[in-house]
Amino acid sequence: MTVPIVLIGVALLILGRKLYWLFVGTAGCVGGIMLATRLLGGQPDWVIVTIALVGGVLGALLAVFLQQMAVALAGFIGGGYVALNLMDAMGGQPEPLAWIPLVVGGIVGLVLVLTLFDWSLILLSSLLGANLIVQAAPFRPSVTALLFTLLVIVGVVVQAASMHRERSKPAPRTEE
């Protein structure tokens, strides 16, 4: 299961803005896993995987048919997921308050997506992609933090350069 997760992480890191449906689908899958493990912790793995896959498929379908709403929802889920993982990396929150970073990170992700669509897709897909990659890597926490930071920077730079190239292409000429 590690290789597909790393490949999805790399795709998000490099192509998250262009493949926004992959970002939204991955966020749906991650949201499904987070929800299922917290609410259905004692269930067999196949139940949690099924819920995650349903969340991913629903996210991708939403992305195709209801782009703005789907990306906003993915921004909330992606922001919340990254915030939870950052809090866990810094020592976590007491269990009764564990929802606070999810909500705060989710709101930040949602606002970013709605106000700065392209840049927020770049940032959130880079964060989510880097997070998926480092979670699959068995490194010490200090190495994981450094790798995460470097991957986010690489993702933002690669996607920003791609966006810049797309926007700086001259418009096709039409002969009159």
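The values are calculated or read from the model by the stated rules, or taken from the named source; none is laboratory data. Please read these numbers as outputs of a predicted model, since none were measured by experiment. FYI the Cβ positions are ideal-geometry reconstructions off the backbone, even for glycines, and counts take in every protein chain you see.
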Report task. Would you confirm whether any residue within segment 14-22 is in contact with a helix residue (DSSP H, G or I) (Cβ under 7 Å, 6 or more places away or on another chain), modelled with pLDDT of 75 or more and β-branched (Val, Ile, Thr)? Result -> yes
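Listed residues Leu114, Leu128, Leu132; which is touching a residue at least 12 places away in the same chain (Cβ under 8 Å), among the aliphatic types (A, V, I, L, M), in contact with a helix residue (DSSP H, G or I) (Cβ under 7 Å, 6 or more places away or on another chain) and loosely packed, with under 15 Cβ neighbours inside 10 Å? Break it down stepwise before answering.
On the way: Leu128 fails: loosely packed, with under 15 Cβ neighbours inside 10 Å; Leu132 fails: loosely packed, with under 15 Cβ neighbours inside 10 Å.
Of Leu114, Leu128, Leu132, the one residue that is touching a residue at least 12 places away in the same chain (Cβ under 8 Å), among the aliphatic types (A, V, I, L, M), in contact with a helix residue (DSSP H, G or I) (Cβ under 7 Å, 6 or more places away or on another chain) and loosely packed, with under 15 Cβ neighbours inside 10 Å is Leu114.
For segment 31-40, check the following and say yes or no: at least one residue is over 24 Å from Met163 (Cα atoms), modelled with pLDDT under 75 and within 12 Å of the chain's Cα centre (by Cα). Step through it out loud before you land on a result.
Let us first name the residues in segment 31-40 that are over 24 Å from Met163 (Cα atoms), namely 31-40.
From the residues that got through so far, the ones that are modelled with pLDDT under 75 too are 31-40.
Now drop any that are not within 12 Å of the chain's Cα centre (by Cα), which leaves 31.
Yes, some residue in segment 31-40 is over 24 Å from Met163 (Cα atoms), modelled with pLDDT under 75 and within 12 Å of the chain's Cα centre (by Cα).
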Query raised in the report: Inside segment 13-48, can you point out the residues that are touching a Ser or Thr at 6+ places or on another chain (Cβ under 7 Å), in a helix (DSSP H, G or I) and closer than 14 Å to Ala60 by Cα?
Result: Phe23
Query raised in the report: Out of segment 29-52, which residues are farther than 14 Å from Leu132 by Cα and surrounded by 15 or more Cβ atoms within 10 Å (Cβ to Cβ)?
Result: Gly32, Leu35, Ala36, Ile48, Val49, Ile51, Ala52
Query raised in the report: So which of Met69, Met87 ends up being free of Cβ contacts under 8 Å to residues at least 40 places away in the same chain and touching a Pro at 6+ places or on another chain (Cβ under 6 Å)?
Result: Met87
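Please report, ordered by residue number, the helices (runs of 4 or more DSSP H) entirely within segment 67-176 with at least 3 residues that are closer than 18 Å to Gly25 by Cα.
On the way: elements: 67-89, 99-115, 117-136, 141-168.
In segment 67-176, the matching helices (runs of 4 or more DSSP H) lie at 67-89, 99-115, 117-136.
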